[in-house]
Amino acid sequence: MSLTTIAVISLITCCVLWVARQLTRPNHYPEIDLDQIDRKSLREAGEKLLSQAETWPAELSATGVSVASSCAPYAARTVFYRVEAEANFESAVRYVKKLSDCEVPRLEKPDKIEETLYDHGRGGKQHEWVRRSVHVSPPPGSNRDAVVFYVEDRPSEDTYTIAFQSVDQMHKKRIEPHEGASRFHVNPAYYKVERGSAGRVIVQKIEAVDPCGMVSSIVNNYFISLVFFRKYMFEEAKAMHTQLSSETETSS
């Protein structure tokens, strides 16, 4: 083999390794302890996120549902949905809370393992909890583990909110990833249920997740989020609209 051939092969190998590194280089976030979270600031961040997202053009839509996404303000693509339906406000609150809460008993599903690591203030105006959610992937995929803090609030009779984000530690004790799973990071995110006019309810959700330690912003933003996460949020929003609308039809 000539020196020229060896040089070309070496150059190609280096290029492939460089590209692979760029596609698998993780984003890095400071470790957050549950005790460090400012609940008020987290809710304010959620309101700001919703305000920004309302200007994004819809990318996916169905009856009463629209989904949009943006690479701002996080390194990971942020996905936003809006659901509007004729529905009972309290029914919508219960539906949204059930999606995020981990009240016992909560059965394991074939594709998900969930558990509550922290629970405080249940039944009050403000309730907060930490939920671990492991998304099970068939081989050769890796299971994905997210540990997320949630805090709910009722700022008015016509508004219900849940602000949430990932936590890495609880009371200075590190939360290790679930066995065989890769840790997912959930940036500060928000759920909001509002009572609209003429018996209508508006639900908004904004969220950004990043598979830390596995892939780069490039893969996350232009493959995982667009192909999988945005579709997942769209299906969640459509299912919500269908359920809330059907409850109203049944009661009437």
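Laid out as a table, the results:
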read-out: Selection within segment 71-112 - charged (D, E, K, R) and either touching a helix residue (DSSP H, G or I) at 6+ places or on another chain (Cβ under 9 Å) or at pLDDT below 90 (or both); value: 77, 82, 84, 86, 103, 106, 108, 109, 111, 112
read-out: Segment 169-195 - residue that is more than 16 Å from the chain's Cα centre (by Cα) and not in a strand (DSSP E or B) and, of those, farthest from residue 95 (Cα to Cα); value: 172
read-out: Qualifying residues in segment 175-199 (those that are of a type in the set (Lys, Arg) and at pLDDT 95 or above) - the one farthest from residue 131 (Cα to Cα); value: 195
read-out: Elements of type strands (runs of 3 or more DSSP E) in segment 51-153, at least 3 residues being farther than 23 Å from residue 239 by Cα; value: 112-120, 128-135
read-out: When residues of segment 208-252 are limited to those that are modelled with pLDDT under 95 and of a type in the set (Asp, Glu), the one surrounded by the fewest Cβ atoms within 10 Å (Cβ to Cβ); value: 249
read-out: Failed criterion for residue 187 (all others in (1) closer than 19 Å to residue 38 by Cβ; (2) surrounded by fewer than 18 Cβ atoms within 10 Å (Cβ to Cβ); (3) polar (S, T, N, Q) hold); value: (2)
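Every residue, every condition in (1) surrounded by 13 or more Cβ atoms within 10 Å (Cβ to Cβ); (2) touching a Lys or Arg at 6+ places or on another chain (Cβ under 9 Å); (3) closer than 16 Å to residue 226 by Cα, yes or no:
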{"position": "39", "(1), (2), (3)": "yes, no, no"}
{"position": "61", "(1), (2), (3)": "yes, no, yes"}
{"position": "70", "(1), (2), (3)": "yes, yes, yes"}
{"position": "75", "(1), (2), (3)": "yes, no, yes"}
{"position": "78", "(1), (2), (3)": "yes, no, yes"}
{"position": "84", "(1), (2), (3)": "yes, yes, no"}
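The values are calculated or read from the model by the stated rules, or taken from the named source; none is laboratory data. Everything quoted here is computed from the prediction, not taken from an experiment. Cβ sites come from the backbone with ideal geometry, for glycine too, and all protein chains shown count toward neighbours.
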